[in-house]
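The values are calculated or read from the model by the stated rules, or taken from the named source; none is laboratory data. Bear in mind the structure is a predicted one, so any value in this text is a computation, not a measurement. Neighbour counts run over all protein chains shown; Cβ positions are idealised from the backbone, glycine included. The protein model used for the area step is the full one, side chains on, heavy atoms only, and it has no ligands, DNA or RNA in it. Shrake-Rupley method; radii C 1.70, N 1.55, O 1.52, S 1.80 Å.
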Amino acid sequence: MADTEKVLILDFGSQYTLLIARRVRELKVYCEIHPFSLPLDQVRAFTPRAIILSGGPASVYDPDAPHCSPEIFQLGIPVLGICYGMQLMTKLLAGQVAKSAKREYGPAELFLDDETDLFADLFAEAASPAADRLHHDPHPRNLFSPGQVRVWMSHGDRIEKMPPGFAAIAHSANSPIAAMKHPEKKLFGVQFHPEVAHTPQGLAMLKNFLFRVAACQGQWTPEHFIESTVAKIREQVGKSKIILGLSGGVDSSVAAVLIHRAVGDKLTAIFVDNGLLRLGEAEAVVQLFRDRFQIPLRTVDAGKRFLKKLKGLADPEAKRKAIGEVFIRVFEDEAKKIKGVKFLGQGTLYPDVIESTSFRGPSATIKSHHNVGGLPAKMQLRLVEPLRELFKDEVREVGLKLGMPEELILRQPFPGPGLAVRMLGEVTEERLSVLRQADRIITDELEAAGLSRQVWQYFGVLLPVKTVGVMGDERTYENVVTVRAVKSLDGMTADWADLPHAVLGKIGSRIINEVKGVNRVVYDISSKPPSTIEWE
Ligand code: XMP
């Protein structure tokens, strides 16, 4: 991607680093997050158009405070230091940082002292709608006079003396130097966090830094991504064969279509039907990928193997572990039947990569469910992960541009262990059948009410208790199904969805009337945190 404008984000451990990357991508500029310790030659080799230093929890004078190479500031590349990044820039360039008299945390008024580059035209555009969606801010608009903006502060240190050549460009009540710049070297520092939605003009500031200061143009589009990724996969895989585990979820599906576009029938997708899928799901996967996308697809009907291993297990972790183990074995058995395979395709996303890399260095291991439990190493396969630079919504955009159907691209997340974790207690064929029918009714009714796109996830959970009921003249003693529906933006936090009572009523009466073995339906009114979306 030598031709692509790229931004390098050095991570000093801030909880907001991922948000910086999101914002830069929103501005259609490609970026990557790397640990703060990235050696200088690798910084150069990355050929960044701009560098952003993230915030971080340390104080620059801590004995083990994370430092980057001071030569980063001599490369002629524009640098924006955010919070800790600004303090580090100050220290490394011979300025002075000291403890603030008062730790600043939360909203603050920023007084702009220079509205040229970084703070130019901050009100030309509305605050990012995506930003407002990500963090609920009751006051997203600027409430202050011209020359003043609301920003989000979170720091204990502040700049006491700027390094030579710098000028202050903004101040706040507690920070006389809340933002600074070195105009010739194009070095900028801000004490606050422009990347969070609580800084409503933050996106405009980042845009100024990238476009005005660093001369980026915002060329990063899904089409651009598809074109360069297909070329990259072709080069990587060459004439070899590649396999990919298809789950029917968004990530592995988009990865499959991209890889197929690059290498055609050298790709074989393997779909393991674990018997824990929803009604009609396995058939839909086969129909879509084999018939419509013409991707060579092997399906393995492994439901019995999974059920056998799950027999007698009620503990959630034991169930997940059992499913993971069987999956690997089944996948491996099937993969062995294809000769000459050298690569394994995976739909790993950027947040997975980031979550698994500590800012102290790439020492942490990749999450187990993302590398199919050590399979690549065992089978001596090399990984092809075409989506590892993308966020979920970017993957969806790419999928739509690849001509994939909306129902697949916009579908809800579904856990790898499937219905097994939506069925508390033991997994049996009978209980699966009950849950599948109930779940289908929930889906049908939410779709009929036109609510399916407004709710992040909705599904049924089969509880391991029976309750007394009465049907006709007979006393019954049957299962309870819980309806779970949540609103969320990213699955990290969620609110229970306030579904219309009429819809809930219809779901309840239909499940009790139509699904044999259920005589009670309840609604889950817990939010995450402290609950989780799934029940196991
Ligand atoms: P929780 O239950 O932790 O779920 O609030 C957050 C989101 O992750 C999904 N989820 C999974 N996805 N494999 C997956 O691919 C899993 O094992 C898994 N467990 C939970 C869940 O559906 C929700 O969207």
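Among the listed pairs LYS311/LYS487; LYS304/LYS337; LYS99/LYS181, a Cα-Cα separation exceeding 27 Å is found for LYS311/LYS487. Sorting the segments 204-210, 391-397, 149-155 by their mean number of nearby beta carbons within 10 angstrom, highest to lowest, gives 204-210, 149-155, 391-397. Helical content of the chain, expressed as a calculated mean residue ellipticity at 222 nm, amounts to -9000 deg cm²/dmol (DSSP H runs of 4 or more residues, -39,500 (n - 2.57) each, divided by residue number, nearest 500). Note on LYS516: aspartates and glutamates with a C-alpha under 20 Å away, same-chain residues under 8 apart excluded, are GLU426, GLU429, GLU430, ASP439, ASP444, GLU445, ASP473, GLU474, GLU478. The slack between ARG290 and ALA377, meaning 0.36 nm per residue of separation minus the straight C-alpha distance, is 28.5 nm.
Could you tell me which of the pairs LYS309/LYS392; LYS91/LYS186; LYS161/LYS185 are separated by over 24 angstrom between their Cα atoms in the structure shown? Among LYS309/LYS392; LYS91/LYS186; LYS161/LYS185, the Cα-Cα distance tops 24 Å for LYS309/LYS392. Relative contact order for segment 422-523: 29 percent, from Cα pairs under 8 Å spaced at least 6 residues apart, divided by residue count. For the pair GLU235 and LEU410 in one chain, pulling the backbone fully straight at 0.36 nm per residue adds 60.0 nm over the alpha carbon distance.
Here the extension length gained between LYS321 and ASP333 equals 2.5 nm, from 0.36 nm per residue of separation less the Cα-Cα distance. Straight-distance candidates among the aspartates and glutamates for linking to LYS232, with alpha-carbon spacing under 15 Å and chain neighbours fewer than 8 residues away dropped: ASP3, GLU223, GLU385, GLU389.
Taking a probe of 1.4 Å, how large is the accessible area per residue of the chain, in Å²? Using a 1.4 Å probe on heavy atoms only, each residue of the chain averages 45 Å². With a cut-off of 17 Å, note down the residues of segment 56-83 whose backbone N falls inside the zone around a label point 7 Å from the Cα of ALA94 toward its beta carbon. What the label zone holds, given the 17 Å backbone N cut-off, is 70-75.
Taken along its three principal axes, the alpha carbon spread of segment 43-94 comes to 30, 17, 17 Å, from the longest extent down to the shortest.
The label-point distance for SER509 and LYS28, in a model that sets each label 7 Å from Cα toward Cβ, rounds to 5.2 nm.
What the Cβ-Cβ distance of GLU283 and GLN15 gives, at R0 = 35 Å and to the nearest 0.05, is a FRET efficiency of 0.25.
Applied to segment 230-242, the Karplus parametrisation 6.51 cos²θ - 1.76 cosθ + 1.60 on θ = phi - 60° returns per-residue 3J(HN,Hα) values of 4, 5, 5, 5, 4, 5, 5, 7, x, 9, 6, 9, 9 Hz, with x for Gly and Pro.
Given 20 °C and 1.002 mPa s, how large is the Stokes-Einstein diffusion coefficient of segment 6-213 in µm²/s, with Rh as the Kirkwood radius over Cα pairs? Approximately 128 µm²/s, per Stokes-Einstein. Annotation: Cα Rg of segment 422-523 relative to the compact-globule expectation 2.2 N^0.38 Å equals 1.09.
Each label was represented as a point 7 Å from its Cα along the Cα-to-Cβ direction; for TYR61 and THR532 these points are 4.3 nm apart. Treating r as the C-beta distance of ALA449 and ASP393 and R0 as 25 Å, the FRET efficiency rounds to 0.50. Got a number for carbon plus sulfur as a percent of segment 422-523's accessible area, 1.4 Å probe? About 51 percent, which is the carbon plus sulfur part of the accessible surface. With both labels modelled 7 Å from their Cα along Cα-to-Cβ, the GLU184 to LYS401 distance reads 4.1 nm. Shape annotation for the chain: C-alpha extents along the principal axes are 84, 58, 42 Å, from largest to smallest.
If you look at the Cα atoms of segment 241-409, you get an Rg and a Dmax of 16.0, 47 Å. Coupling constants for segment 32-47 follow from the phi torsions by the Karplus curve (6.51 cos²θ - 1.76 cosθ + 1.60, θ = phi - 60°), and in residue order they are 9, 9, 10, x, 4, 8, 3, x, 4, 5, 6, 4, 4, 5, 5, 6 Hz; glycine and proline get x.
Pairs of Cα atoms nearer than 8 Å and 6+ residues apart set the relative contact order; for the chain it is 11 percent.
If the cut-off is 16 Å between C-alpha atoms, which lysines fall inside it for LYS336, apart from same-chain ones fewer than 8 positions away? Within the straight-line limit of under 16 Å, LYS336 reaches these lysines: LYS241, LYS266, LYS378.
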